[in-house]
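**Student:** Pasting in a structure now, in structure tokens, and then I'll have a few things to ask.
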Amino acid sequence: LLVISFLVSILISIFLATTVSRPLSRLTRVADAISKGDRSLPLRLNRRDEIGQLARAFDAMTQKLDERARYIAELTANISHEFKSPLTSIRGAAELLMEGAADDPVAREKFLKNILADSQRLDRLVTRLLELSRVESDPAPNEVFDFPALVQEVVLSRSGLEVRVEVATDRTRVHGRRAHLASVIGNLLDNALQHRAPESTVTVRVSEGAKGGLDVCVHNVGAPIRAANLLRIWDRFFTTRADRGGTGLGLPIVVTVVRAHGGTVEVESSEGAGTTFTVRLPAHSWA
């Protein structure tokens, strides 16, 4: 009995070492490598037990970290590029003023206007970046609120006479992040007001979606978006109106907020029909 118990203990130890200890040791080595900056060691444990689930969750976490690192690197490169041009312009104008251009009233006024315009663009970029950062990192919980009332509030803060609000549903209570959805409506309104035809009206329509969700359409009449730009309008810092205050961050903020709520954003633009941005939130958005 003693020999049999000893052999059984050895077999159990071998079994535990093979099925538990070794995978956990590998998980420990991979976690240690990740903490040192090496993310090239996947677990790849094809198991269906709890250890396999832990390994797959660990791989998914590593993949998310890689995606986040690439996002931050890309955003940093974009910010550097967008800030470099106005900073270079400001420095050039300041150097010319120091070298004697300040003695010429016409040249002085020209360079000072350039410095002011570039500094205002930098201020707008910083404001938008802070808004984007707040949207991505804000841990504010969801709340229940009256969505048409929120739309009216945002419209009045812009220009109530140039915007018409239509509510085509009896359901008005929405479950989500109020401040973030207000940012979505505000950015879409700003975009529509900038590109509308003179003396035309922007329409905001709130309705129930085809699958019971929430649809918000912002429509303006004006020149259509060029086909080459339709695929780029969602890119950070892409704008065709940098000289008129455009930062290229409004629509990326819209996409970030809508995706965080589980929805999608679509755009349709054609000659004569105008441009319509449609935000589609899932059915659980209704409270």
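**Student:** Any residue at all in region 88-95 that's modelled with pLDDT under 90 and open to solvent by less than 40 Å² (accessible area, probe 1.4 Å)?
**Tutor:** Among the residues of region 88-95, not one is modelled with pLDDT under 90 and open to solvent by less than 40 Å² (accessible area, probe 1.4 Å), which makes the answer no.
**Student:** Ok, one more. Would you be able to say whether some residue in region 177-188 is out of contact with any Asp or Glu (no Cβ under 8 Å at 6 or more places or on another chain), within 22 Å of Gln120 (Cα to Cα) and surrounded by fewer than 16 Cβ atoms within 10 Å (Cβ to Cβ)?
**Tutor:** no
**Student:** Could you give every pair whose Cβ atoms fall below 8 Å, whose first residue belongs to region 72-101 and is assigned to a helix (DSSP H, G or I), and whose second residue is exposed (fewer than 15 other Cβ atoms within 10 Å of the Cβ) and among the hydroxyl-bearing types (Ser, Thr, Tyr), counting only separations of at least 6 or pairs across chains?
**Tutor:** If the second residue must be exposed (fewer than 15 other Cβ atoms within 10 Å of the Cβ) and among the hydroxyl-bearing types (Ser, Thr, Tyr), the pairs left are Pro86/Ser119; Ile90/Ser119.
**Student:** Could you tell me which residue of region 240-267 is most open to solvent (accessible area, probe 1.4 Å), considering only residues that are farther than 20 Å from Gly209 by Cβ and within 16 Å of the chain's Cα centre (by Cα)?
**Tutor:** Thr256
**Student:** Still on this structure, I have one more. Tell me, yes or no, whether region 268-280 has at least one residue that is closer than 21 Å to Val135 by Cβ and open to solvent by 70 Å² or more (accessible area, probe 1.4 Å).
**Tutor:** Yes, some residue in region 268-280 is closer than 21 Å to Val135 by Cβ and open to solvent by 70 Å² or more (accessible area, probe 1.4 Å).
**Student:** Count, please, the residues in region 26-41 that happen to be open to solvent by less than 90 Å² (accessible area, probe 1.4 Å), more than 15 Å from Asp59 (Cβ to Cβ) and either of a type in the set (Lys, Arg) or not in a helix (DSSP H, G or I) (or both).
**Tutor:** Residues that pass the stated criteria total 1.
**Student:** Return the only residue of Ser119, Ser200, Ser133 being among the small types (Gly, Ala, Ser), assigned to a helix (DSSP H, G or I) and more than 22 Å from the chain's Cα centre (by Cα).
**Tutor:** On inspection, the qualifying residue turns out to be Ser119.
**Student:** Before we move on, is Pro141 closer than 23 Å to Ala283 by Cα, of a type outside the set (Ser, Thr, Tyr), in a loop (DSSP other than H, G, I, E, B) and at pLDDT below 90?
**Tutor:** yes
Yes or no, residue by residue, for (1) β-branched (Val, Ile, Thr); (2) touching a residue at least 24 places away in the same chain (Cβ under 8 Å):
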residue	(1), (2)
Val163	yes, yes
Glu166	no, yes
His175	no, yes
Arg178	no, yes
Gly186	no, yes
Ser207	no, yes
Val221	yes, yes
Ala227	no, no
Thr256	yes, yes
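**Student:** Determine which member of the set Val135, Val151, Val155, Val165 is of a type outside the set (Phe, Trp, Tyr), over 18 Å from Val202 (Cα atoms) and out of contact with any Cys (no Cβ under 6 Å at 6 or more places or on another chain).
**Tutor:** Going through Val135, Val151, Val155, Val165 in turn, just one is of a type outside the set (Phe, Trp, Tyr), over 18 Å from Val202 (Cα atoms) and out of contact with any Cys (no Cβ under 6 Å at 6 or more places or on another chain): Val135.
**Student:** When you look at Ser270, is it of a type outside the set (A, V, I, L, M) and closer than 24 Å to Ala149 by Cα, yes or no?
**Tutor:** So Ser270 does not fit the description; no.
**Student:** Just the residues that are open to solvent by less than 80 Å² (accessible area, probe 1.4 Å) and in a helix (DSSP H, G or I), please, taken from region 144-153.
**Tutor:** Phe147, Pro148, Ala149, Leu150, Val151
**Student:** Restricting to region 154-193, and then to whatever is more than 21 Å from the chain's Cα centre (by Cα), part of a helix (DSSP H, G or I) and within 18 Å of Cys217 (Cβ to Cβ), can you tell me which residue is modelled with the lowest pLDDT?
**Tutor:** Arg158
**Student:** Return yes when Gly212 is touching a strand residue (DSSP E or B) at 6+ places or on another chain (Cβ under 8 Å), in contact (Cβ under 8 Å) with a residue 60 or more places away in the chain and either surrounded by fewer than 17 Cβ atoms within 10 Å (Cβ to Cβ) or assigned to a loop (DSSP other than H, G, I, E, B) (or both) and no when it is not.
**Tutor:** yes
**Student:** Filter region 225-257 down to the residues that are under 20 Å from Ala197 (Cβ atoms), part of a loop (DSSP other than H, G, I, E, B) and of a type in the set (D, E, K, R) and list them by number.
**Tutor:** Arg226, Arg241
The values are calculated or read from the model by the stated rules, or taken from the named source; none is laboratory data. The structure presented is a predicted model; accordingly, all values stated were derived computationally and were not measured. As a convention, Cβ positions derive from the backbone with ideal geometry for all residues, glycine included, and neighbour counts pool all protein chains shown. Ligands, DNA and RNA are stripped out before the accessible areas are found, and what is left, the full protein with its side chains, is counted by its heavy atoms. Shrake-Rupley method; radii C 1.70, N 1.55, O 1.52, S 1.80 Å.
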